[in-house]
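Peer 1: Here it is, the structure, as structure tokens.
Every number here is computed from the coordinates shown, using simple stated rules; none is lab data. A quick note: this is a predicted structure, and the numbers were derived from the prediction, not measured. Reconstructed Cβ throughout: ideal geometry from the backbone, glycine too, with neighbour counts over all protein chains shown.
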Amino acid sequence: MFMKTKEKLLQLLVSCQNEWVSGEDIAQDLQISRAAVWKAVNSLRNEGYIIDAVRRKGYRLVSETDVLSELGIWQYLNPECKMLDIQVLQEVGSTNEMLREKAISGCPEGTVLVAAMQTDGKGRMGRRFYSPADTGVYMSILLRPVSIHSSKALRLTTMAAVAVCEAIESVSGKSALIKWVNDVYVDSKKVCGILTEGSVSLETGSLDYAILGVGINIYCPENGFPAEIENIAGYIFDEKERDVRNKISASFLNNFFKYYLNGDFDSYIAEYRRRSFVIGKKIEVINGEESRNAVAVDVDSSCQLIVRYEDGTSEHLSAGEISIRL
């Protein structure tokens with residue numbers, strides 16, 4: 001990745017934590033003029049970074065700064081993920097929709113769109129995903145899996161759910177669990193939803209491409225969540241912390257591609273099953289306007305939910321929705 005002057009400056013300020021760095025030292029380290037340092041500082045400020053400047057002390061990045069950026073994510077990526085083409089946008093209608101247009105035009109696998117805000121975020125079952133500014137991470141990844149039948153698309157969703165849990169725990173230390181099929185919970189509240197969409201070859205039934213959309217609630221929105229989700233939705237951090245959104249974004253990508261790139265789609269299933277909080281519990285299986293009481297028995301090797309209904313019959317669910325009382 002070729003870094004511009006402002007990106008090099010950001011990397012330097014981040015590495016110095018909350019310490020002051022003189023303009024002279026910055027100029028020498030980056031081999032630029034003092035005027036170029038000042039220009040780069042202002043450029044970062046325009047992107048939302050809070051940088052203090054004091055005569056005879058220099059510059060420092062304020063500890064609470066949490067701004068999404070390509071460089072911010074890239075610096076935490078594992079080597080095998082640094083081939084990803086990451087674009088960060090401050091506002092977009094829907095990252096899934098924007099990436100779908102790119103996929104149709106031939107954009108390669110590994111293209112990643114990350115937004116600080118969505119005005120028309122997409123959820124499952126045609127619902128909207130609430131995506132206010134600067135409180136979450138809203139990401140879509142373009143995948144072009146080789147010879148994967150559309151029936152296995154569920155694997156991408158469940159793989160992402162495990163990767164989100166691992167990212168949340170590594171950055172926050174909080175335990176994260178999964179409600180089949182695609183919701184991640186922290187402290188009994190939903191903090192993440194996942195939506196996988198794709199294009200299927202009519203000739204082979206294989207995926208031409210898949211778009212994996214992930215929305216994670218990092219902080220509580222300023223005015224709280226909308227009434228229709230306020231009893232369900234949650235968030236991970238009570239207060240802003242430095243670089244948390246970049247860290248969680250990178251950690252998710254590292255964990256997801258750890259599973260995806262090794263080609264062994266079975267390697268994460270035991271972890272998915274371990275993190276499920278519905279296994280063994282009474283649930284409702286919802287199908288349109290109808291619902292049936294059941295017990296969630298297990299998750300099979302294809303990540304289908306095995307349920308047993310009150311009449312004794314069983315079913316392996318590959319799609320649909322369940323409800324559980326927490």
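Peer 1: As I understand it, the dipole of region 272-325 uses +1 on the Cβ of Lys and Arg and -1 on the Cβ of Asp and Glu, about the Cα centre. Which of SER318, ILE306, GLY280 lies farthest toward its positive end?
Peer 2: GLY280
Peer 1: Counting helices only, and only those DSSP H runs with n ≥ 4, report the 222 nm mean residue ellipticity of the chain as the sum of -39,500 (n - 2.57) divided by its residues, in deg cm²/dmol to the nearest 500.
Peer 2: So the calculated ellipticity at 222 nm is -8500 deg cm²/dmol.
Peer 1: Using DSSP to define loop residues, name the trypsin sites (Lys or Arg not before Pro) in region 101-148 whose beta-carbon has at most 16 other beta-carbon atoms within 10 Å.
Peer 2: ARG127
Peer 1: Compute the Cα gyration tensor for region 282-323, then decide on rounded, prolate or oblate, letting a ≥ b ≥ c be the square roots of its eigenvalues: rounded whenever a/c is under 1.5, prolate when a/b is larger than b/c in the other cases, and oblate in all that remain.
Peer 2: Because a/c hits 1.5 or more and a/b fails to exceed b/c, region 282-323 counts as oblate.
Peer 1: Give the range of the longest stretch in the chain that excludes all chymotrypsin sites (Phe, Trp or Tyr not before Pro) found in loop regions by DSSP and having at most 15 other beta-carbon atoms within 10 Å.
Peer 2: Here the longest run is 21-276.
Peer 1: Enter the angle in degrees (range 0 to 90, nearest 10) between the Cα long axis of helix 153-172 and the first principal axis of the Cα atoms of the chain, meaning the one along which they spread out most.
Peer 2: The answer is roughly 50 degrees.
Peer 1: Thinking of the chain as a set of Cα atoms, what percent of all their pairs are more than 25 Å apart?
Peer 2: That fraction is 54 percent.
Peer 1: Give the separation of the Cα centroids, region 293-326 to region 109-145, in Å.
Peer 2: Result: 28 Å between the Cα centres.
Peer 1: When Rg is the radius of gyration of the Cα atoms in region 238-304 and Rh is its Kirkwood radius, what does Rg/Rh come to?
Peer 2: Result: Rg/Rh = 1.13.
Peer 1: Something else: Pull out a ≥ b ≥ c, the square roots of the eigenvalues of the alpha-carbon gyration tensor of region 73-165, then state rounded if a/c is under 1.5, prolate if not and a/b is larger than b/c, and oblate in the remaining case.
Peer 2: Cα axes put region 73-165 in the rounded bin.
Peer 1: Can you tell me the dipole magnitude for region 101-141 around its Cα centre, using point charges on the Cβ only (Lys, Arg +1; Asp, Glu -1), in Debye to the nearest 20?
Peer 2: Roughly 220 debye for region 101-141.
Peer 1: Same structure again: Put +1 on the Cβ of every Lys and Arg and -1 on every Asp and Glu Cβ in region 70-275; which of VAL162, GLY136, ALA115 then has its Cα farthest towards the positive end of the dipole?
Peer 2: Sorting the options by dipole projection puts first VAL162.
Peer 1: In addition: Hey, got the dipole for the chain? About the Cα centre, +1 on K and R Cβ, -1 on D and E Cβ, debye to the nearest 20?
Peer 2: Using Cβ point charges on Lys, Arg, Asp and Glu, the chain gives about 680 debye.
Peer 1: Still on this structure: Give the relative contact order (percent, whole number) for region 282-323; include only Cα pairs under 8 Å separated by 6+ residues.
Peer 2: Reported as a whole number, the value is 37 percent.
Peer 1: With an 8 Å cut-off on Cα pairs and a minimum separation of 6 or more residues, tell me the relative contact order of the chain in percent.
Peer 2: In percent, rounded to a whole number, it is 15.
Peer 1: Based on Cβ point charges of +1 for Lys and Arg and -1 for Asp and Glu, what charge dipole magnitude is obtained for region 208-252 about its Cα centre, in debye rounded to the nearest 20?
Peer 2: 220 debye
Peer 1: Using only the alpha-carbon atoms, how far is helix 244-261 inclined from the longest principal axis of the chain? Give it as 0 to 90 degrees, nearest 10.
Peer 2: That works out to roughly 50 degrees.
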